[in-house]
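Chemist: Before anything else, here's the structure in question.
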Amino acid sequence: MERSTTAATVKAPAERFTGDVYLTPIASPAEPARLASALVRFTPGARTNWHSHALGQVLYITDGIGLVGTRDGQVVRVGAGDTLKCPPGEEHWHGATDTTLMAHIAMVVGDGSGDGTTWLEPVTAEQYAAAQNAVAG
């Protein structure tokens, strides 16, 4: 058994996120284990860029209300207690709604050369607005 102390929270890199997003690492891949996880906190309107994961991703929503969108236009509204699984290779994004905070624990299994994430372009304001409209009501 190994106990770790809480890692420092850092602001997420602007080249991968829109808006104010904060990361608190939970676990980093260390052989033989390959699980990486972090608590990610999004302020209203903040979101990831489009991205995919070689071996998929699991998101556990801890607080607030958020959105997860895929390239085919599917948008899911998520809230505290929800778990969302993104399959391997699926291009997607996730973040807060435009009026609420959202926090999740993001979990990925590394591919042996890192966490297996491929980062892509930002989600445009138009794409984000369309996602908001898709789940309104």
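The values are calculated or read from the model by the stated rules, or taken from the named source; none is laboratory data. All values reported here derive from a predicted model rather than from experimental measurement. Because the Cβ atoms are built from the backbone with ideal geometry, glycine has one as well, and the counts that use them run over all protein chains shown.
Chemist: Being of a type in the set (A, V, I, L, M) and free of Cβ contacts under 8 Å to residues at least 40 places away in the same chain is the filter; apply it to the range 20-64 and report the residue that is nearest to ARG3 (Cα to Cα).
Modeler: ALA27
Chemist: Continuing with this model, one more query. Could you grab me the full set of residues in the range 105-134 that are among the hydrophobic types (A, V, I, L, M, F, W, C) and modelled with pLDDT of 90 or more?
Modeler: The answer is ILE105, ALA106, MET107, VAL108, TRP119, LEU120, VAL123, ALA125, ALA129, ALA130, ALA131, ALA134.
Chemist: Spot the failing condition for MET1; the list is (1) assigned to a strand (DSSP E or B); (2) surrounded by fewer than 16 Cβ atoms within 10 Å (Cβ to Cβ), and only one is missed.
Modeler: Just one mismatch for MET1, condition (1).
Chemist: When you look at THR6, is it surrounded by fewer than 19 Cβ atoms within 10 Å (Cβ to Cβ) and assigned to a strand (DSSP E or B), yes or no?
Modeler: So THR6 does not fit the description; no.
Chemist: Report, by residue number, each residue of the range 9-37 that is under 25 Å from ALA125 (Cα atoms) and outside any loop (DSSP other than H, G, I, E, B).
Modeler: Of everything in the range 9-37, those that are under 25 Å from ALA125 (Cα atoms) and outside any loop (DSSP other than H, G, I, E, B) turn out to be VAL10, LYS11, PHE17, THR18, VAL21, TYR22, LEU23.
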